[in-house]
Amino acid sequence: MRTISKLSCGLLGAAGLLLLFSSPARASRRLPVASRARPLASSVASPPVAAPAPGLREDELFEQSDSVAAWRAWNARWEAPNSVLTDELARSVGESVRRDPARALAYWAYHTGRAGFFAAQWPAAYFAFSASRGPGGQAPPSIDPAQAASAMPRLLGEAFSTFADDLACIEAGVYPLPFDLTSPSHRQFSPLFAVRQAAIFVNEAVANLEKRGKPAPPLWLDAPSMPEYYRTFHYQSDGYMSTRSAAVYEASTEALFLGRQDAMQRLTLVPLARVVSEHFARPGGEWGARKLDLLEIGCGTGRFHTFMLDAFGNRLASTSALDVSPFYLEKARENVAYAQRLRRWPDARADVRFLLANAEEVPLDDESQDVVVSVYMFHELPESAQRAIVREVGRLLRPGGAFILTDSLQLGDRPALDATLPLFKNLNEPFYERFVQTSLAELVREEAGLVPEWKGLRSATKTLSFRKPAAAPPAAPPAPPPAASPVAPPAV
């Protein structure tokens with residue numbers, strides 16, 4: 001279930017993204033005069049100490065990837081004199097080319113092209129909207145050209161740092177190159193397909209810009225089975241309940257993140273690779289003898305599901321892709337089928353099933369899954385739904401199984417962004433402000449008893465992995481009581 005979507009939606013996010021990444025976010029937080037005054041007597045109670053942000057509270061709970069410290073320091077390194085981070089990125093690119101020229105050149109050419117293509121969608125949509133609006137229509141959003149020009153190097157720096165992280169995992173053998181990059185016949189390399197996708201995005205962005213400042217329209221479909229909180233988020237046309245919405249979704253999110261969303265969500269593959277490796281390293285026994293069963297909740301268009309199948313499909317017995325939107329499930333089915341045809345995966349790949357269901361009530365048996373994955377879904381949920389879904393995850397996992405949760409950054413993950421991060425709520429994200437303040441580690445432990453295991457960051461994304469405690473080995477049968485000693489006959 002995409003119990004709403006992943007982070008979305010195109011040009012409406014441009015202003016928020018510029019604000020988020022264009023300044024060091026050193027907002028002045030002056031205290032009210034009363035709170036700064038010295039108490040008159042020791043009997044005056046001290047103000048309560050605010051709890052650390054969730055991103056910092058997690059530090060002692062998870063094994064942290066090196067990426068956590070690197071991304072926390074990213075803003076300071078970018079602003080350091082002598083272009084410290086720029087030099088590091090250039091050196092990283094050069095070293096990757098020396099290690100494996102063919103792989104590195106293909107990777108950097110592909111991702112540089114992606115970043116450029118999706119960055120171009122912003123001005124195209126802006127000028128299309130300006131040209132199409134009639135008398136009395138919405139004015140174009142106010143964007144300061146000087147601010148936009150100064151922000152663009154930072155945004156591109158974010159993108160290239162993200163790509164460098166992604167390539168480092170590929171070089172380390174954690175997961176393979178993206179299959180679409182290594183498939184020259186992939187439709188995305190067709191100029192006609194690229195033009196069509198750009199046109200779909202620009203038309204959607206123009207429609208969205210017309211809705212600014214207005215209440216989000218209700219769903220066109222009256223579906224009482226849908227959860228109450230399922231709304232038309234981000235002003236996206238038809239919410240998540242039409243083929244048009246499913247067709248524009250990937251282009252919209254990639255435009256919002258300058259073509260780096262795929263690389264960000266591939267961070268999810270790092271803990272998944274660990275689970276797969278550890279599973280097959282176990283000698284014998286149930287865990288070491290069989291392939292894994294995996295469920296993705298909120299699969300959306302199935303884009304990330306194809307990455308999991310390509311990387312680990314020969315180690316998976318089955319995968320289930322679950323979403324609450326039949327239109328997005330149909331797109332997921334189409335994406336998986338296209339990847340299967342393109343890659344010519346052997347029959348040994350996992351069987352894939354598609355589930356139209358709410359992740360709060362998954363139609364699968366207890367302890368039937370080894371891995372449950374959620375990507376960019378939890379920030380779209382009220383806390384009650386988050387807790388219900390986590391309880392379902394706990395029910396579904398086998399002992400020793402893993403829950404891998406990838407979503408937006410939260411407060412404390414990159415403190416330099418804390419002042420502006422909650423502003424994404426203004427993009428019609430009603431649950432986002434609370435989400436960034438919620439400790440996911442505490443929520444998962446409280447509702448499902450899962451144990452925090454690993455944390456990683458990559459640009460605007462964080463990944464947390466948890467384990468369900470393994471079942472205790474059966475107790476040994478009690479030892480039989482010692483045989484009674486024969487009683488000696490009394491002396492005569």
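The values are calculated or read from the model by the stated rules, or taken from the named source; none is laboratory data. Note that the structure is predicted; figures quoted are calculated from it, not measured. Quick reminder, even Gly has a Cβ in these numbers, built from the backbone with ideal geometry, and neighbours come from all protein chains shown. Just the protein is used for accessible areas: all its heavy atoms, side chains included, with ligands, DNA and RNA removed. Shrake-Rupley method; radii C 1.70, N 1.55, O 1.52, S 1.80 Å.
A few notes on this one:
- Selection of the range 74-112 for residues being under 18 Å from D413 (Cα atoms) and open to solvent by 40 Å² or more (accessible area, probe 1.4 Å) yields A76, R77, W78.
- Selection count, the range 393-413, where residues are open to solvent by 10 Å² or more (accessible area, probe 1.4 Å) and without any contact (Cβ under 8 Å) to a residue 60 or more places away in the chain: 1
- Contacts under 7 angstrom Cβ, first residue in the range 444-462 being within 30 Å of E254 (Cβ to Cβ) and of a type in the set (D, E, K, R), partner assigned to a loop (DSSP other than H, G, I, E, B) and open to solvent by 10 Å² or more (accessible area, probe 1.4 Å), 6 or more apart: E453/F62; K455/F62; K455/S65
- F280 open to solvent by less than 20 Å² (accessible area, probe 1.4 Å), among the aromatic types (F, W, Y) and in a helix (DSSP H, G or I): no
- Number of positions in the range 424-467 that are aliphatic (A, V, I, L, M), open to solvent by less than 10 Å² (accessible area, probe 1.4 Å) and farther than 15 Å from D413 by Cβ: 3
- Hey, P478 modelled with pLDDT under 95, of a type outside the set (D, E) and more than 26 Å from R398 (Cα to Cα) or not: yes
- Every residue from the range 214-257 that is outside any helix (DSSP H, G or I) and modelled with pLDDT of 90 or more: F257
- Among residues of the range 130-173, those that are open to solvent by 70 Å² or more (accessible area, probe 1.4 Å), at pLDDT 80 or above and in a helix (DSSP H, G or I), counted: 1
- Within the range 415-437, the only residue that satisfies the criterion of being more than 15 Å from P382 (Cα to Cα) and β-branched (V, I, T) is T420.
- Selection count where residues are assigned to a helix (DSSP H, G or I) and not polar (S, T, N, Q), scope the range 385-409: 11
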